[in-house]
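The values are calculated or read from the model by the stated rules, or taken from the named source; none is laboratory data. Computed from a prediction, not measured in an experiment: that's the story for all the values here. For neighbour counting, all protein chains shown are included, and Cβ atoms are generated from backbone atoms with ideal geometry for every residue, glycine included. Only protein heavy atoms, including side chains, enter the accessible area calculation; ligands, DNA and RNA are left aside. Shrake-Rupley method; radii C 1.70, N 1.55, O 1.52, S 1.80 Å.
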Amino acid sequence: MSTVQIADPSASAPAARRPKPKSQGGGFGRYLLVRFLLIFPTIFILVTLVFFLMRTTGDPITAAQGGRLGPEALAELRAAAGYDRPLFVQYFEYLGQLLTLNFGETLTTNRPVVEVLATYGPATFELVFYSLLVAFVIGIPLGLLTAYYRDKPQDAVFRVLAIYWYAVPIFFAGLILKLIFSVWLKWFPVAGRASVSAELQMQTLSNKTGFYTIDALMTGNPEVLGDVLSHAVLPAIALGLLTAGIFLRLVRTNVIGTLATDYVDAARSRGVGELRLLRKHAYRPALIPIVTVIGLQIALLLSGAVLTETTFEWKGLGFILVEFIESRDYVAVQGIVVLLAVIVAITNFVVDIIAAFIDPRVRY
């Protein structure tokens, strides 16, 4: 009796070739290159918008002398400054200067724009740093807390607070903080970056940086450091709460989503407590979206710094930018905006790189 052997088709047939995973090196390099090249059109569009929008408001000579000189005298001054030339001629001339990193001199104070940026830039960067710190310290823990107490009174209270934080205008929040903590309670200074005595001590440093926190540390005097930090508290809170509200909502949403995933259910079925699930399993995945939105938040903080610095007389780029806009100082405004645009574009580029490493949903 002969036996019939039925061949296993899966054994006799040639093994199905699985597609080889594509190398990520070229894709990642292309991803970096595209993100890097996007920096230039971003800056170009901002520079162009600012250039033409500033010209629609008039010129600095008319703003400064309009009420005191006649039309003929004004026309002579405008011609001497080159403002009577066609707009596109001025525009391409300005682009040519930017390509050589020549930002020019301010029209109202005759100072090199680079010097203005170096003088006021550290104050703005310091304020943005402290504000981001406030946003992290308040937004992330409260986001975890509201996710843990989902749909309970604690959750409702902090969700309403988060909406309030990013809905209230910064200048109004700043005025309220000044009224409560400076005028009524007298806990913090009303305005400025430091008291006169602290500034005098920092001015004696031979290698001062303009970053008051660093300069205060260099003096070796704890009273100076305390004075500088106390001046930074209210502006940092006023600006940081704006981003803290966004972080709170973002972390809450992502933690709730992570707690509903299969692997968290599996851990829950093994008896892992809810608090441990929150700390060990849902915490880190929920932070990934925070990294991806930091680039956008930096732009938001820089724009909010204009109002915050004006409210607290914090002499940074936002504070001086308002003065230059009022005097229609084209050159100074354009120089400051270019710097801010470069910072935002580079920050977004760095965030894109970090997100590509830590977020598996990013494809390249």
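Figures for the structure shown
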quantity	calculated
Evaluation of Ile170 against (1) under 13 Å from Leu234 (Cα atoms); (2) open to solvent by less than 30 Å² (accessible area, probe 1.4 Å); (3) modelled with pLDDT of 90 or more (one fails), failing number	(3)
Candidate set from the range 190-211 (those that are β-branched (Val, Ile, Thr) and within 25 Å of the chain's Cα centre (by Cα)); member that is surrounded by the fewest Cβ atoms within 10 Å (Cβ to Cβ)	Thr209
Count of the range 96-113 residues which are farther than 25 Å from Thr62 by Cα and either outside any loop (DSSP other than H, G, I, E, B) or touching a residue at least 60 places away in the same chain (Cβ under 8 Å) (or both)	3
Flag if Gly240 is in contact with a helix residue (DSSP H, G or I) (Cβ under 6 Å, 6 or more places away or on another chain), within 24 Å of Gly139 (Cα to Cα) and part of a helix (DSSP H, G or I)	yes
Among the residues listed as Ile176, Ile180, Ile163, Ile214, the single one being surrounded by fewer than 20 Cβ atoms within 10 Å (Cβ to Cβ), of a type outside the set (Phe, Trp, Tyr) and under 30 Å from Leu277 (Cβ atoms)	Ile163
Enumeration of residues in the range 64-94 that are surrounded by 13 or more Cβ atoms within 10 Å (Cβ to Cβ) and either hydroxyl-bearing (Ser, Thr, Tyr) or under 32 Å from the mean Cα position of the chain (by Cα) (or both)	Tyr83, Gln90, Tyr91, Tyr94
Residue tally, condition open to solvent by 70 Å² or more (accessible area, probe 1.4 Å) and farther than 14 Å from Ser327 by Cβ, over the range 106-117	2
Residue count for the range 93-142, restricted to those that are among the aromatic types (Phe, Trp, Tyr) and under 30 Å from Arg249 (Cα atoms)	4
Number of the exception - Leu145 against (1) assigned to a helix (DSSP H, G or I); (2) open to solvent by 60 Å² or more (accessible area, probe 1.4 Å); (3) farther than 17 Å from Arg279 by Cβ	(3)
Cβ-Cβ under 6 Å pairs, at least 6 apart or on other chains, the range 119-130 side under 13 Å from Leu229 (Cα atoms), far side of a type outside the set (Asp, Glu) and open to solvent by 40 Å² or more (accessible area, probe 1.4 Å)	Ala123/Lys315; Glu126/Phe211
Residue selected from the range 50-63 under the condition out of contact with any helix residue (DSSP H, G or I) (no Cβ under 9 Å at 6 or more places or on another chain) and open to solvent by 30 Å² or more (accessible area, probe 1.4 Å), by the criterion farthest from Asp84 (Cα to Cα)	Leu53
